[in-house]
1. Given an 8 Å cut-off on Cα distances and at least 6 residues of separation, report the relative contact order of region 149-188 as a percent.
2. Rounded to the nearest 500 deg cm²/dmol, what is the calculated helix-only ellipticity per residue at 222 nm for the chain, with -39500 (n - 2.57) per DSSP H run of length n ≥ 4?
3. Rounded to the nearest 0.05, what FRET efficiency is calculated for T38 and Q191 with R0 set to 45 Å and r the Cβ-Cβ distance?
4. Of the cross-linked pairs K34/K92; K42/K71; K34/K71, which ones have a Cα-Cα span greater than 19 Å in the structure shown?
5. Treat the count of other C-beta atoms within 10 Å as a stand-in for reagent exposure and order E68, E145 from fewest to most.
6. Given H placed on each backbone N at 1.01 Å, which residues far from F106 in sequence or on other chains put an amide H within less than 5 Å of it?
7. Quick query: amide H of E24 versus all other amide H atoms, modeled in the peptide plane; which residues come in under 5 Å with a sequence gap of 5 or more or a different chain?
8. How big is the convex hull of the Cα atoms of the chain, per residue, in Å³?
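Nothing in this text is a laboratory measurement; each read-out follows from the coordinates by a stated rule. Just so you know, these numbers come straight off a predicted model, no measurement behind them. Heads up, the Cβs are rebuilt from the backbone with ideal geometry, glycines too, and the neighbour counts pull from every protein chain shown.
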Amino acid sequence: MIDKTRLALSFILLTLSSQSLAGELFLVRNGISKHFGTMYEKRIYEYRTVVYISENEKYILDSYREIEYVKYQPNENNAGLGLEYVLDMSPKWKSYLTAGNYVNSFYLPSWYAGSVFMYRKNLSNPLVRSYMDFGAAVLVMQRPEFNNGLPFPAILPALTLSFSRFAINSTFIPAINDESVPTLFLQFKLQIF
């Protein structure tokens, strides 16, 4: 079986190996999110009725498990920092190298790294350089509550609106398990080089 994380990392490195490093560097402030739906936390309670025969011997008379789903207020202030480097492939096509950390919807520290492939549409604004990029992000992510805390690959839609040196990134994250809901995620970035 192919390791999905290694496959995603190999794809990112192969794709970027021929690119020249003559682009723009952004400081990224991770972000805010909006969750669509109600999230529930799964709580498991185990009960046992035990009879102690002696100090070293015991007998379990009864054992059962209760599962309770409790309404959960997800974290929508996903603070963290990252860097994004825009590779200049052509006037219309851009590739970004990106990496950063954030506090996820379950209030746990998480990280991501990868590449974003975008089509650029310049917006007609005579006062400031502005554009819209749209495409897909190919990432390796890590979240402690998902995939036993191991890194996993993700492909997400991406949209960027930029005005001069300031830009907003957005992506849509689908529900990935029974405890999550679809989420819109925003990042704010400032060009530093």
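1. 31 percent
2. -2000 deg cm²/dmol
3. Efficiency, from the Cβ-Cβ distance: 0.75.
4. K34/K92
5. Ranked by crowding around the Cβ, least crowded first: E68, E145.
6. N75
7. Counting only residues 5 or more places away or on other chains, the set is V86.
8. Spread over its residues, the Cα hull of the chain gives 167 Å³ apiece.
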